[in-house]
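**Student:** The structure that follows is given in the form of structure tokens.
Read the figures in this text as sums done on the coordinates, not as results from a lab. Since the structure is predicted, the reported quantities are computational estimates derived from the model, not experimental observations. Here the Cβ positions follow ideal geometry from the backbone for every residue, glycine too, while neighbour counts run over all protein chains shown.
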Amino acid sequence: MINKSILLNIVSENGTPLIIIDHSLIKANYYKFRKYLPIVAPFYAIKANPESRIVKTLYDEGSGFDVASWEEFMIVYDMLEGQHEEKKVFINDKVIYANPVKRIDSLKKLNEYSIRMTFDNYIEVDKIAKYCKNSRLVLRVDVPNTGSVVELSTKFGANPNICLDLIKYAKKAGFDVEGLSFHVGSQCSNFDNYVKAFQIAHNIFKQAKSIGQELTFLDIGGGFPVPYDENVPSFENLADVINNNISQYFDNPDIKIIAEPGRFFVATTAIAIVEINGKAIRNDKVYYYVNDGIYNTFSGVLFDHIQYHFKAFKEGLLKESAVVGPTCDALDKISLNEQLPDLNIEDLLYSENVGAYTNASATNFNGFPPAKVIHINT
Ligand SMILES: Cc1ncc(COP(=O)(O)O)c(C=O)c1O
């Protein structure tokens, strides 16, 4: 965690609410990923935090990118160095449009880029053939998401039983499917999901080969869990599982293996600082009303199913307290179970591990603008 006096200096210059993102930690997470999964090329899923300075830091480190909309694509495009044709070379190799069902306006605009994109159904093949025929296709297969905090398999992924048929269908439409992608669900601490996903992918690679179509690309998605609490299993153990499965099923230098880590690169790199603007006792509990809430930085309470915790800069006897947001909506409660000392209005609280799926989904509801984002150690 960043030194408290540095945090207080940043607050005195910028006010609150704030999100402070430490780029030295982004780089450390990136190195960790590369160290433990050396065969897997990371494509940062920029939906986790689309701040262009984060994209730039990861680009400088050598990352590729997973985008899910034309707008996210343009965040990457605008950051790239060089002329249009040079940028296209990077995009061709190191950007994947990993949204299996795409908006038509995005497809029309992407046609000139010959980008890799995922799909998971027949109608999408027809759509891509009509609006974005220069694309290169990657089939997203449904894999178990059991126990993951955010399940994605309820909305995306082709049933493994129809994958071969989809590959044939795409062929008739003029596309040689390059490979497969899967996602085990976000914040996945059940590593068996990865094991099953590798087995499913291996079977489909074999089926494709049997009809003469060699797949050469495997995208193992995101899901890499972040240590929000001490019960989360370690990334090092997961890396062992992944490396063993790659050796068992995909030990072939002609197969390019990528991943789409979002949360893993950014969640632990940011800290939020909020100010207490109100205090009330309800049902014998102290409620602190702070100047940021679930419509802003703490949107992850709703969208990301994450429980955030708070600490005070002041010390004192701890008692159970609630921390709630500034809007008029009763839903806007960040946490009802915090251990905090007795605090007053204008005191500050901080919350760690707020780098992923926080400011990314902040709104202006009730007129309260999102927290200011500060980048340090860039
Ligand atoms: C297609 C896709 N790739 C990657 C990610 C990033 O996942 P995570 O943040 O768990 O790494 C997501 C998250 O929703 C996703 O939908």
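**Student:** Which part of segment 97-122 falls in the paramagnetic zone of ILE211, meaning amide N under 17 Å from the point 7 Å along Cα-to-beta-carbon?
**Tutor:** Inside the label zone: 119-122.
**Student:** When the helix-only estimate is applied to the chain (DSSP H runs of n ≥ 4, each -39,500 (n - 2.57), divided by the residue count), what is the mean residue ellipticity at 222 nm, nearest 500 deg cm²/dmol?
**Tutor:** -10000 deg cm²/dmol
**Student:** Measure nothing fancy, just the Cα-based angle from helix 192-210's long axis to the longest principal axis of the chain, in degrees from 0 to 90, nearest 10.
**Tutor:** Between the helix axis and the principal axis of the chain, the angle is about 20 degrees.
**Student:** Also: Need one number: nm distance between label points at PHE365 and LEU336, each 7 Å from Cα along Cα→Cβ, rounded to one decimal.
**Tutor:** 1.7
**Student:** Mind pulling the angle between the C-alpha long axis of helix 4-14 and the longest principal axis of the chain? Nearest 10 degrees, somewhere in 0 to 90.
**Tutor:** Tilt relative to the chain: about 90 degrees.
**Student:** Could you go through segment 368-373 in sequence order and give the Karplus-derived ³J(HN,Hα) for each residue, using 6.51 cos²θ - 1.76 cosθ + 1.60 with θ = phi - 60°, rounded to whole Hz, and x for Gly and Pro?
**Tutor:** Ordered by residue, 3J(HN,Hα) equals 8, x, x, 4, 6, 9 Hz.
**Student:** To make sure I understand, if each residue's beta carbon is the centre and we count other beta carbons within 10 Å, what order do HIS23, HIS183 fall in, fewest to most?
**Tutor:** Ascending number of Cβ neighbours within 10 Å: HIS23, HIS183.
**Student:** Could you work out how much longer the chain between ASN377 and ASP229 gets when fully extended? Use 0.36 nm per residue separation minus the Cα distance between them, nm to one decimal.
**Tutor:** 50.8 nm
**Student:** Taking the Cα centre of segment 24-266 as origin, work out the dipole magnitude from +1 charges on Lys and Arg Cβ and -1 charges on Asp and Glu Cβ, in debye rounded to 20.
**Tutor:** Charge dipole of segment 24-266: 560 debye, to the nearest 20.
**Student:** Can you compute the charge dipole magnitude of segment 52-106 about its Cα centre, using +1 on each Lys and Arg Cβ and -1 on each Asp and Glu Cβ, nothing else charged? Give it in debye, rounded to the nearest 20.
**Tutor:** 140
**Student:** If you wrap the chain's Cα atoms in a convex hull and average its projection over all directions, what's the area in nm²?
**Tutor:** Value for the chain: 19.7 nm².
**Student:** In addition: Can you order the peptides 25-32, 209-216, 128-135 by their average number of other Cβ atoms within 10 Å per residue, highest first?
**Tutor:** Sorting 25-32, 209-216, 128-135 by mean packing, highest first, produces 25-32, 128-135, 209-216.
**Student:** Can you give the angle from 0 to 90° between the axis of helix 70-79 and the longest principal axis of the chain, with both taken from C-alpha atoms, to the nearest 10?
**Tutor:** Result, in degrees: 80.
**Student:** Restricting the count to DSSP beta bridges whose residues both fall in segment 24-266, what percent are antiparallel, rounded to a multiple of 5?
**Tutor:** 5
**Student:** Let me ask something additional. List MET1, MET117 from most exposed to least, where exposure is judged by having the fewest other Cβ atoms within 10 Å.
**Tutor:** Ranking MET1, MET117 by Cβ neighbours within 10 Å, fewest first, gives MET1, MET117.
**Student:** Still on this structure, please answer the following. How much length, in nm to one decimal, is gained on full extension between ILE104 and CYS328, taken as 0.36 nm per residue of separation minus their Cα-Cα distance?
**Tutor:** 76.9 nm
**Student:** Neighbouring Cβ atoms within 10 Å as the yardstick, rank ARG34, ARG282, ARG263, ARG140 fewest first.
**Tutor:** Ordered from fewest to most neighbouring Cβ atoms within 10 Å, ARG34, ARG282, ARG263, ARG140 come out as ARG282, ARG34, ARG140, ARG263.
**Student:** Quick one: among GLU51, GLU275, GLU315, which has the greatest mean-square fluctuation in a GNM of the chain with alpha-carbon springs under 10 angstrom?
**Tutor:** GLU315
**Student:** Another question about this same structure. Could you check the simple spin-label distance between PHE303 and ASN9, using points 7 Å along Cα→Cβ, in nm with one decimal?
**Tutor:** Output for this residue pair reads 3.3 nm.
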